[in-house]
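Working notes, beginning with the structure itself.
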Amino acid sequence: MAYERPLISDLHAYAPGEQPADMSRVIKLNTNENPYPPAPEVMAAIHQVSADALRRYPSPSAAGFRGAAAALHGVHADQIIATNGGDELLRMLIQVFAEPGGVIGLSEPTYTLYAVLAASHGAGIAKVERGPGFELPADLAQKWNAAGARIGFVVNPHAPTGRFETPETLARVAREFQGVLVVDEAYVDFAPDSCLSLVRGLAALPNVILLRSMSKGYGLAGLRFGYGIGPSALVAAMHKVRDSYNCDALSQAAATAALQAQAYYLPLHGRVRAERDRLAGALRQRGWKVPDSHTNFILAEPPVDGNFSAFELYGALKLRRILVRYFKYPRLDDKLRITIGTPEQDDRLLAEIDDIVSGSTGAFQPFPSPHTDSRADLRALPGTNPPHPPKLP
Ligand SMILES: Cc1ncc(COP(=O)(O)O)c(C=O)c1O
């Protein structure tokens, strides 16, 4: 007998990218982490947290962090809510703005967690397909309205394609939509612009909330820290459902220091962007289709006349200890999503692709140091899943 609610029994959990137990033995280009470490100021802030600060509860609303975020973005601290990763913000948004039994709006393909969170809340989905170039359809808001959606999610820049829609486009969607528009800006640090103008100053819209994550641009995926920026009335509603102390003292200190270390991070974002364009160019030279990306990953399609499908390349790269992401979804199953690594990691990726495609069975030298495992052993990297596509939620 199942004790959990039927809704939970039927739920297909979100399938994150593989996280091998021994990271030193793989080149990990599958979960859009930053290849560079966080700012030294972040590590210093963590070290400076006193035993006494750990003995006490932290600021319930992460007041220090909210002040730093407000100063950085030119908004009021009441417009910021800090969360345990952007994912917690998503959960809270659905809890606050979607009725159980109601509908949330998505534009497909998109971050698959939205649908899992909607299902766990007992909400349905109004799915609107993106256009041939993965652009937002002009009638997105109308379709969401017709389905009765009270909240809709747009990732911008888009995951998993890297496409960027202008703030003007998102403003139009927000004006036409009768619910709350969440612009998920998890990858905004690698984009040419943001939607801050939609939540700031006199031109702010009453129904737009931005999601920000410290995981990608700030190299802090392990910290689990994200935040929302929106109208103070909507943010106040969200504070009502926040766990009393949802962000711990260490993460508050680290995330605050990170936001204040822009002098470290801005050039780092530039490096990742330059490397992204180099990797995209190198794959295009090899006959791959790679649309322009405005994130820290690319969605790359191997040549159709090549000997290897995207899925076969995913498996072959995994055997060589290079993890990229393969999605068995319509419009994505002929492509690989590749996180931008360091130039050395990306060169290694390119060399391994060339080696696989040329059919060479030459001796593979693992990264970063030689080892003696057999190919069969490589199939079962400790802590990783077998080389099959992630489950569909
Ligand atoms: C589109 C998108 N939104 C939100 C998140 C949440 O990020 P985090 O919970 O690490 O802040 C992710 C993480 O991969 C993402 O890809």
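The values are calculated or read from the model by the stated rules, or taken from the named source; none is laboratory data. Bear in mind the structure is a predicted one, so any value in this text is a computation, not a measurement. Ideal geometry is used to build each Cβ from the backbone, glycine not excepted, and the neighbour counts take in all protein chains shown.
Before we move on, is residue 180 more than 10 Å from the ligand (Cβ to nearest atom) and under 19 Å from residue 70 (Cα atoms)? First the steps, then the outcome.
Values: more than 10 Å from the ligand (Cβ to nearest atom): yes; under 19 Å from residue 70 (Cα atoms): no.
When the stated conditions are applied, residue 180 does not pass them.
Tell me whether segment 54-67 contains one or more residues that are over 22 Å from residue 247 (Cβ atoms), within 16 Å of the ligand (Cβ to nearest atom) and not in a helix (DSSP H, G or I).
From segment 54-67, those over 22 Å from residue 247 (Cβ atoms) are none; that's our starting set.
No, the conditions are met nowhere in segment 54-67.
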>> Against the definition (modelled with pLDDT of 95 or more and over 19 Å from the mean Cα position of the chain (by Cα)), how does residue 302 come out, yes or no?
In response: yes
> Taking segment 92-116, which residues are surrounded by fewer than 21 Cβ atoms within 10 Å (Cβ to Cβ), of a type in the set (A, V, I, L, M, F, W, C) and over 15 Å from residue 179 (Cβ atoms)?
Replying inline: 113, 116
>> For a quick check of your reading of the model, give me the residue pairs whose first member lies in segment 198-220 and is modelled with pLDDT of 95 or more and within 16 Å of the ligand (Cβ to nearest atom), whose second is among the aromatic types (Phe, Trp, Tyr) and assigned to a loop (DSSP other than H, G, I, E, B), with beta-carbon atoms closer than 7 Å and at least 6 apart or on different chains.
In response: 214/225; 216/187; 219/36
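Kindly check whether there is at least one residue in segment 318-325 that is assigned to a helix (DSSP H, G or I) and among the aliphatic types (A, V, I, L, M). Even if it seems obvious, please write down each step before you answer.
Narrowing segment 318-325 to residues assigned to a helix (DSSP H, G or I): 318-319.
Adding the requirement that they be among the aliphatic types (A, V, I, L, M) leaves 319.
The answer is yes; a qualifying residue exists.
Go through segment 176-192 and report how many residues are touching a Pro at 6+ places or on another chain (Cβ under 6 Å) and charged (D, E, K, R). Let's see the steps before the verdict.
First, the residues of segment 176-192 that are touching a Pro at 6+ places or on another chain (Cβ under 6 Å): 187, 191.
Next cut, charged (D, E, K, R) only: none.
Final tally of qualifying residues: 0.
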>> If the requirement is being among the basic types (Lys, Arg), within 15 Å of the ligand (Cβ to nearest atom) and touching a Phe, Trp or Tyr at 6+ places or on another chain (Cβ under 8 Å), which of these qualifies: 130, 163, 91?
In response: 163
> Do you know which residues across segment 17-73 are farther than 30 Å from residue 196 by Cα and in the same structural domain as residue 320 (by TED's automatic domain parsing)?
Replying inline: 18, 19, 20, 21, 22, 23, 24, 25, 26, 27, 28
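Per-residue answers, yes or no, for (1) within 16 Å of the ligand (Cβ to nearest atom); (2) closer than 17 Å to residue 214 by Cα:
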| residue | (1), (2) |
| --- | --- |
| 10 | no, no |
| 13 | yes, no |
| 17 | yes, no |
| 27 | no, no |
| 35 | yes, yes |
| 38 | yes, yes |
| 43 | no, yes |
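Quick check, is residue 329 more than 24 Å from residue 219 (Cβ to Cβ), of a type outside the set (A, V, I, L, M, F, W, C) and modelled with pLDDT under 95?
Numbers: more than 24 Å from residue 219 (Cβ to Cβ): yes; of a type outside the set (A, V, I, L, M, F, W, C): yes; modelled with pLDDT under 95: yes.
So residue 329 passes the test.
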